Amino acid sequence: MTGQPADPAQPSAAGGSGHAVLALGSNLGDRAATLRAAVALLEKRLGVLAVSPVYETVPVGGPPQDDYLNAVVLTRPAPVRELLAAAREAEQAAERVRTIRWGPRTLDVDVIACGDVTSDDPEIIVPHPRAHLRAFVCVPWLDVDPDATIPGYGSVAALVAGLAAAGETAGLRRAGTATDLAAAAGLG
């Protein structure tokens, strides 16, 4: 089912092994096609359970650059290193070149959370250390998982409310439906 976990009985992200959460962003080239290709690759590697609507967002930090298309994907749970490998594979398939921190990119895939798993491995910190500060992560995540929580930070709904009160959601606008990306994963 598009826009929601495939099995509503599954626990939310903090409830155990229900699903992993990955955030996707693109601001170079054909952004929508890049996101569709990434979702298709993640479906093959991890199994996509749900995809959020697409948002167009202003860049956060870094040099002046074009706006991003962002989405959140829920996948089957996996070891964090496997999630990271799939994220990097998707970025490589999109020919991402890392030059400037927070600079423009064809594709950025971040592992945000995987149930209540935590990792302080410098290669892959989970939950993502800045997810709770990023409207472009929290807003689409809330769309696809209204009961989501970030271990150590609380409910995503409360985080979105705080971000909205601080004006951090002003740079987001819905740019597509969940169906736009879900079709790439074979979701309804």
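The values are calculated or read from the model by the stated rules, or taken from the named source; none is laboratory data. Small disclaimer: the values here were computed from a predicted structure and weren't measured. FYI the Cβ positions are ideal-geometry reconstructions off the backbone, even for glycines, and counts take in every protein chain you see.
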- Report yes if some residue within segment 34-55 is more than 20 Å from LEU187 (Cβ to Cβ) and among the basic types (Lys, Arg); otherwise report no. no
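Yes or no, residue by residue, for (1) over 15 Å from the mean Cα position of the chain (by Cα); (2) within 16 Å of LEU49 (Cβ to Cβ); (3) of a type in the set (S, T, N, Q):
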{"residue": "PHE136", "(1), (2), (3)": "no, no, no"}
{"residue": "VAL139", "(1), (2), (3)": "no, no, no"}
{"residue": "ASP143", "(1), (2), (3)": "no, yes, no"}
{"residue": "TYR153", "(1), (2), (3)": "yes, no, no"}
{"residue": "ALA157", "(1), (2), (3)": "yes, no, no"}
{"residue": "ALA164", "(1), (2), (3)": "yes, no, no"}
{"residue": "ALA170", "(1), (2), (3)": "yes, no, no"}
{"residue": "GLY186", "(1), (2), (3)": "yes, yes, no"}
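Yes/no per residue for (1) at pLDDT below 95; (2) in contact with a Pro (Cβ under 7 Å, 6 or more places away or on another chain); (3) under 21 Å from ASP147 (Cβ atoms):
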{"residue": "ALA20", "(1), (2), (3)": "no, yes, yes"}
{"residue": "LEU24", "(1), (2), (3)": "no, no, no"}
{"residue": "LYS44", "(1), (2), (3)": "no, no, no"}
{"residue": "LEU49", "(1), (2), (3)": "no, yes, yes"}
{"residue": "TYR55", "(1), (2), (3)": "no, yes, yes"}
{"residue": "PRO64", "(1), (2), (3)": "yes, no, no"}
{"residue": "LEU69", "(1), (2), (3)": "no, no, no"}
- Among residues of segment 95-136 being of a type in the set (Gly, Ala, Ser) and in a strand (DSSP E or B), the residue farthest from PRO77 (Cα to Cα) is SER119
- Query: How many residues does segment 17-43 contain that are touching a Lys or Arg at 6+ places or on another chain (Cβ under 9 Å), surrounded by 23 or more Cβ atoms within 10 Å (Cβ to Cβ) and not hydroxyl-bearing (Ser, Thr, Tyr)?
  - Reply: 4
- Task: Within segment 118-126, identify whether any single residue is surrounded by 15 or more Cβ atoms within 10 Å (Cβ to Cβ) and within 26 Å of ALA184 (Cα to Cα), and answer yes or no.
- Result: no
- Could you say whether any residue in segment 99-108 is under 22 Å from GLY167 (Cα atoms), of a type in the set (S, T, N, Q) and either surrounded by fewer than 22 Cβ atoms within 10 Å (Cβ to Cβ) or in contact with a helix residue (DSSP H, G or I) (Cβ under 8 Å, 6 or more places away or on another chain) (or both)? no
- Would you mind stating whether VAL139 is assigned to a strand (DSSP E or B) and surrounded by 20 or more Cβ atoms within 10 Å (Cβ to Cβ)? no
- Could you count how many residues in segment 153-188 are assigned to a loop (DSSP other than H, G, I, E, B) and at pLDDT 90 or above? 6
- Apart from one, (1) within 18 Å of GLY176 (Cα to Cα); (2) assigned to a strand (DSSP E or B) all hold for ASP66; the odd one out is (2)
